[in-house]
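Engineer: Shown below is the structure under consideration.
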Amino acid sequence: MTARRISLGLFASLALILGCQDDANIKMIEELQDQNADLKAQNDDLINRLNSCMSGRDSDRSTILSLEQRLRDAQRQPVVVNEPPSRDLPPNWQSSGDGTIKWVNVGSDILFDSGRATLKRAGRDKLGEIVSQIRSNFPNDEVWVVGHTDTDPIKVTKNLWADNLDLSCNRAMTVYRELMKDGLDPQRMYAAGQGEYNPLVANDSSAAKAQNRRVQILAVSKPPTN
């Protein structure tokens, strides 16, 4: 009788231990399932965000290609130079024949020291003036900022830039940031650099090279939506 009671006691204890282990295993499985569900949700969210970014990238690329084509088309039209100012254009601004693209060239020597992309005080003042002109005359236009250089290779600061194209892009972004700081909406702005590849005149003299070193700021009318 005593032996039987001991056996029953051991059996009950073993069953209790196994039961506890089952409960622990079930709890662990449930926790793992919860973790797996969280990871799946995070993964799905990352996939959705990636798809959204890729879609936005393709949309931006399409927009830029469209803008570049519009600029090429406008450059084939007669150019209207406005100096002194009229009712339509501020001083020193130019316009395509149909008026959809307006631009002003700001000499890089006013904005930056040689080989640099940090704005000078005079450059900040000039850009503040241009922001006022854009607000008054082209409040609904897109704003493009395009950097240009001459053909001279970078010397003193060649450790900072890969080439003139790199420098022109960085200068355009500096101007972009200053225009944004002065109150222009970044959602209506684009920035790019063309280095030495779109000169105003041949780079055959110091005066000509000074003309080609510039940042071009354009006000571009949005195309009508169908």
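Engineer: I'd like to verify a number: residues in segment 177-193 that are touching a residue at least 40 places away in the same chain (Cβ under 8 Å) and under 14 Å from residue 217 (Cβ atoms), how many?
Structural biologist: The number of residues fulfilling the criteria is 10.
Engineer: Consider residue 124 carefully, then state whether it is farther than 26 Å from residue 205 by Cα, surrounded by fewer than 22 Cβ atoms within 10 Å (Cβ to Cβ), in the same structural domain as residue 216 (by TED's automatic domain parsing) and not aromatic (Phe, Trp, Tyr).
Structural biologist: So residue 124 fits the description; yes.
Engineer: Name every residue in segment 177-197 that is closer than 14 Å to residue 118 by Cβ and under 11 Å from the mean Cα position of the chain (by Cα), in order of residue number.
Structural biologist: Passing the criteria: only 177.
The values are calculated or read from the model by the stated rules, or taken from the named source; none is laboratory data. Values in this document were obtained by computation on a predicted structure and should not be read as measured data. Glycine also receives a Cβ, built like all others from the backbone with ideal geometry; neighbour counts cover every protein chain displayed.
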